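The values are calculated or read from the model by the stated rules, or taken from the named source; none is laboratory data. Remember, predicted model here, so these are calculated numbers, not experimental data. Methodologically, a virtual Cβ is constructed for each residue, glycine included, from the backbone with ideal geometry; neighbour enumeration extends over all protein chains shown.
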Amino acid sequence: MILAHPQKCVACHLCEGACSFKHEGAFQPAKTRIFVHDFVDEAVYVPVACFHCKDAPCLSNCPTYAITRDPLTGQVTVNDDKCIGCKMCMVACPFSVMGFQTERNVAQNCDLCGGDPQCVKVCVYDALEYVDLEPTDWMVRLDMAERPAAAAG
Amino acid sequence: MPYGWVGHVLRVNLTEGSAKKEPLNFDWARQYIGGRGLGTRYLYEEIDPRCDPLGPENKVIFATGPLTGTFAPTGGRYMVLCKGPLTDAIACSNSGGYWGPELKFAGYDMVILEGRSPKPVYIWVYNDQVEIRDAAHVWGKTTEETEDILRAETDPQARISGIGPAGENLNRVACVINDKSRAAGRSGVGAAVGSKNVKAIVVRGTGAVQVADALKFSELVFESLKEINESPVTAGALRGLGTASTVGFTNSVGILPTNNFQQCTFEHANAIGGPTIAQTVLRRNKGCYSCPIGCARVTEIRDQTSKWQGRGEGPEYESIFGLGSDCGVGDLNAVLYANYLCNLYAVDTISAGGTVAAAMELAERGYIPKEDLAELDFELKFGNADAVMKCLELMTYRKGKLGNLMAEGGYRLAEHYGHPELFMGSKKQDFAAYDPRGAKGMGLGYATSNRGACHLRGYSMTLEWFAPMEMRLDPFTTDGKAQAQMQLQDKCAAEDSSGVCTFTTFVVTPDKLAPMYNAATGENLSVEEWMNAGDRIWNLERLFNNRAGLSRKDDTLPPRMTREPLTGGAVQGQVVELAPMLEEYYRIRGWDEDGNPKADTLARLGLA
């Protein structure tokens, strides 16, 4: 998964550009799969991409079983041919990182660029890191959630 | 769909209250790259350079470059062009933030504002939907308040570029502010927007910017990102301490202008320099769109005992000089507070500071009658931070006689009191923070800059002081300065027009930037043709100015720079020998003795 270090982020949105460039072949942040939330007044910038949750609400709420998990890597994937565009997964996602392709009428999440994530590659601030999913990942997520709050305080 | 450019211009006629989408002129886009060059071409075609810059016949263009909105390093810039209210010359002010890319995602390379609205309005652009909306409820509000209100009534992800109270009051040093604290600062472009009764342009776009050769483009960008990330300038000084990192250096060599350029070192320089900022007021770094440098400083005043309180962005090096050393203010909290005020009012920190500094010297020398100083409440003298804050308020709201005069900028103020020689600038625009007596190339640059005195039109500091020893030009001689300045001016004109930030170009040279532009747009310019395009842009700006009535008589420096040497510091005994540099400069530019481009020069550049 893409592990973010919000305290290193400067809100340059380079990752969004790189993401859309990789997946859409053009620079279009409206279709990015990684999102930088910039809370300007609080000076807190938080990049968020799909966490490939251990107990993924998108997966368990999909009526057509279009969302599956790779048993080896743990990666959560939307299978376009089964997706009917009902957006249940978007509603279910606790982090609001499930995106949607209007033209193709399918949901989309971070696909880790097949193991070479462009957002990580483009981030010169080392605010993004590509890490394997581990059983301890809940601790990582908790830490991520707490750090922006600490930075804001 | 075109590559690099998105191919459309939004033309808003404010007199009629109409907006229309028209195709971009691609012939011009190819010849003038984009942004600054292309915008100048449109202005040159569409307005009379002799027009009143605050009249409805002037036009204001918000222009992006072909790299704006891509992930080219610092590909987030846009420019505001018009005839400058401060300078009566061509104006092009450059800003970062997120507004420029958003405009391209909405499907426009440029917005052209023409005419004058009968009442205050703002323009709301959501892709193809454009509305001219009433702005009575935000008129008079600061930039921050305006942004919050307009975002709440349009779209939570909208980006906003607009003016503050200064622009509304046609203050000639008013700027345009986007994203709360990024400024298209110079030449009074904010007043031109204010004269059209436009408060802001609010943009939200969901479209795409495409590039011609994705693989090549990607490869060049990743190489450049690596270079930037390894450079001691961009990743070291600028990311580490911001532009404020320069304060210590310029002060140590003696070119940090102090007390309206009466001194070149400042006793409190350390108190307002980069390291102090990092240790005391810095909250964190920020980057503009697509920026791998991250020089912006998000700050807050933490000292609870200080009379100045607040938070915001800044200060940049130029603001530290303008509101700090040039006014003799050595209290960092005061400099920060003045900077925040400038952002809220939307005035240019350089020119506002320069104007206050000129007023201070006029007052100290007794040239301003006592009754004119009555509404000030504070003694107008160097080092008095209270007076700086009060002056900013008076000039923004044009309060009283002094406020009204300061709102006209430093030159007109000094001229009114009979001492225009105490205004430190060129073409009525204030100098930036490098004393040209200690960097002669900067002197030539200030004098010949098309938009009035400016450090970024030909930033020869890079060669005269910042370059490694073996590449350095002696800052105290005039040798080779005309040639260096000309090349820097052409280079910068091309780079600005492409949509990247000057700081990127410290590392990413034209031999990489030109191919990047080619890969984005599908053009095929050699490095030589790229520089040639810069030359063409520079000469077109000059033509605009000549038609506006400017000539050699305006390529000047105040007598303090050419006749009064400083005592102390490394620049001891130095003055700027402008005449010989100017003569050589005109000659190699291919201009006549009065500074008009010759016929064969115009023919060579395709401007005939």
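Write out, first by first residue and then by second, each pair whose Cβ atoms fall under 6 Å of each other, whose residues are 6+ apart or on separate chains, and whose first residue, in region B:387-400, is touching a residue at least 24 places away in the same chain (Cβ under 8 Å) and at positive phi while the second is outside any helix (DSSP H, G or I) and among the polar types (S, T, N, Q). That search, which allows pairs on different chains as well, returns B:398/B:169. In region A:111-124, the residues that are within 20 Å of residue B:292 (Cα to Cα) reach residues that are buried (at least 22 other Cβ atoms within 10 Å of the Cβ) and among the charged types (D, E, K, R) with C-beta atoms within less than 8 angstrom, at least six apart or across chains, in these pairs: A:119/A:16.
In summary, residue B:160 fulfils each of the numbered conditions (1) under 19 Å from residue B:18 (Cα atoms); (2) assigned to a strand (DSSP E or B); (3) within 14 Å of chain A (Cβ to nearest Cβ) with the single exception of condition (1). Of everything in region B:482-498, what is aliphatic (A, V, I, L, M) and closer than 13 Å to residue B:456 by Cα? Give them in sequence order. Once the filter is applied, which keeps residues that are aliphatic (A, V, I, L, M) and closer than 13 Å to residue B:456 by Cα, region B:482-498 yields B:486, B:488, B:493, B:494.
Can you tell me which residue within region B:197-221, out of those that are surrounded by fewer than 24 Cβ atoms within 10 Å (Cβ to Cβ) and closer than 30 Å to residue B:347 by Cα, is farthest from the other protein chains (Cβ to nearest Cβ)? Residue satisfying both the conditions and the ranking: B:197. Inspect region B:246-269 for any residue being within 13 Å of chain A (Cβ to nearest Cβ), in contact with a helix residue (DSSP H, G or I) (Cβ under 6 Å, 6 or more places away or on another chain) and touching a residue at least 12 places away in the same chain (Cβ under 8 Å) and give the result as yes or no. The answer is no, given that none of the residues of region B:246-269 is within 13 Å of chain A (Cβ to nearest Cβ), in contact with a helix residue (DSSP H, G or I) (Cβ under 6 Å, 6 or more places away or on another chain) and touching a residue at least 12 places away in the same chain (Cβ under 8 Å). For region B:163-182, the set of residues classified as acidic (Asp, Glu) and not in a loop (DSSP other than H, G, I, E, B) consists of B:168 only. Counting only residues that are assigned to a loop (DSSP other than H, G, I, E, B) and hydrophobic (A, V, I, L, M, F, W, C), which one in region B:282-304 is farthest from the other protein chains (Cβ to nearest Cβ)? The residue in question is B:301.
Test residue B:352 against the criterion of being modelled with pLDDT of 95 or more and touching a Cys at 6+ places or on another chain (Cβ under 8 Å), and give yes or no. Taking the combined requirement at face value, the residue satisfies it.
The criterion of at least 1 residues that are surrounded by fewer than 17 Cβ atoms within 10 Å (Cβ to Cβ), hydroxyl-bearing (Ser, Thr, Tyr) and free of Cβ contacts under 8 Å to residues at least 60 places away in the same chain is met, among strands (runs of 3 or more DSSP E) falling completely within region A:1-69, by A:67-69.
Go through the residues of region A:90-106 one by one and say whether even a single one is more than 30 Å from residue B:285 (Cβ to Cβ), surrounded by 13 or more Cβ atoms within 10 Å (Cβ to Cβ), away from chain B (no Cβ under 14 Å) and of a type in the set (D, E, K, R). No: region A:90-106 contains no residue that is more than 30 Å from residue B:285 (Cβ to Cβ), surrounded by 13 or more Cβ atoms within 10 Å (Cβ to Cβ), away from chain B (no Cβ under 14 Å) and of a type in the set (D, E, K, R).
Residue count for region B:581-608, restricted to those that are among the small types (Gly, Ala, Ser), free of Cβ contacts under 8 Å to residues at least 40 places away in the same chain and in a loop (DSSP other than H, G, I, E, B): 2. Close contacts from region B:133-151, counting a first residue that is of a type in the set (Asp, Glu) and a second that is assigned to a loop (DSSP other than H, G, I, E, B), with Cβ to Cβ under 8 Å and a gap of 6+ residues or different chains, come to B:134/B:119; B:134/B:120; B:144/B:180; B:145/B:138; B:147/B:179; B:147/B:180. Residues in region B:242-280 that are surrounded by 21 or more Cβ atoms within 10 Å (Cβ to Cβ) and over 28 Å from residue B:476 (Cβ atoms): B:242, B:277. Going by what's in this entry, would residue A:76 be described as closer than 24 Å to residue B:206 by Cβ and within 13 Å of the chain's Cα centre (by Cα)? Against the criterion (closer than 24 Å to residue B:206 by Cβ and within 13 Å of the chain's Cα centre (by Cα)), residue A:76 does not qualify. For region B:270-294, the candidate set comprises residues that are touching a residue at least 24 places away in the same chain (Cβ under 8 Å) and of a type in the set (A, V, I, L, M); within that set, the residue that is nearest to residue A:12 (Cα to Cα) is B:293. Among the candidates B:277, B:272, single out the residue that is in contact with a strand residue (DSSP E or B) (Cβ under 9 Å, 6 or more places away or on another chain) and either within 13 Å of chain A (Cβ to nearest Cβ) or on the phi < 0 side of the Ramachandran plot (or both). The conditions single out B:277.
Residues that are surrounded by 22 or more Cβ atoms within 10 Å (Cβ to Cβ) and either aliphatic (A, V, I, L, M) or not in a helix (DSSP H, G or I) (or both) within region B:489-502 comprise B:493, B:494, B:499, B:500, B:501, listed in sequence order. Do we find a residue being over 14 Å from the mean Cα position of the chain (by Cα), more than 10 Å from chain B (Cβ to nearest Cβ) and on the phi < 0 side of the Ramachandran plot anywhere in region A:18-35? Within region A:18-35 (the criterion being over 14 Å from the mean Cα position of the chain (by Cα), more than 10 Å from chain B (Cβ to nearest Cβ) and on the phi < 0 side of the Ramachandran plot), the answer is no, since none of the residues qualifies.
Of the helices (runs of 4 or more DSSP H) entirely within region B:334-446, those holding at least 3 residues that are among the polar types (S, T, N, Q) occupy B:349-364. Exactly one of (1) surrounded by 18 or more Cβ atoms within 10 Å (Cβ to Cβ); (2) within 28 Å of residue B:457 (Cα to Cα); (3) out of contact with any Leu (no Cβ under 8 Å at 6 or more places or on another chain) is unmet by residue B:421. Its number? Result: residue B:421 passes all but (1).
Of all residues in region B:475-488, exactly one satisfies the criterion of being buried (at least 24 other Cβ atoms within 10 Å of the Cβ) and either of a type in the set (A, V, I, L, M) or part of a loop (DSSP other than H, G, I, E, B) (or both), namely B:475.
Residues of region B:475-496 that are modelled with pLDDT of 95 or more and among the acidic types (Asp, Glu): B:490, B:495, B:496. Residues that are more than 25 Å from the chain's Cα centre (by Cα) and part of a helix (DSSP H, G or I) do not occur anywhere in region B:195-213.
Here residue B:108 does not fit the description of being in contact (Cβ under 8 Å) with a residue 12 or more places away in the chain, surrounded by fewer than 23 Cβ atoms within 10 Å (Cβ to Cβ) and farther than 17 Å from residue B:192 by Cβ. Every residue in region B:527-580 that is among the acidic types (Asp, Glu), in a loop (DSSP other than H, G, I, E, B) and free of Cβ contacts under 8 Å to residues at least 60 places away in the same chain, please. Once the filter is applied, which keeps residues that are among the acidic types (Asp, Glu), in a loop (DSSP other than H, G, I, E, B) and free of Cβ contacts under 8 Å to residues at least 60 places away in the same chain, region B:527-580 yields only B:564. Quick check: is even one residue across region B:448-455 within 17 Å of residue B:580 (Cα to Cα) and assigned to a helix (DSSP H, G or I)? There is at least one residue in region B:448-455 that is within 17 Å of residue B:580 (Cα to Cα) and assigned to a helix (DSSP H, G or I).
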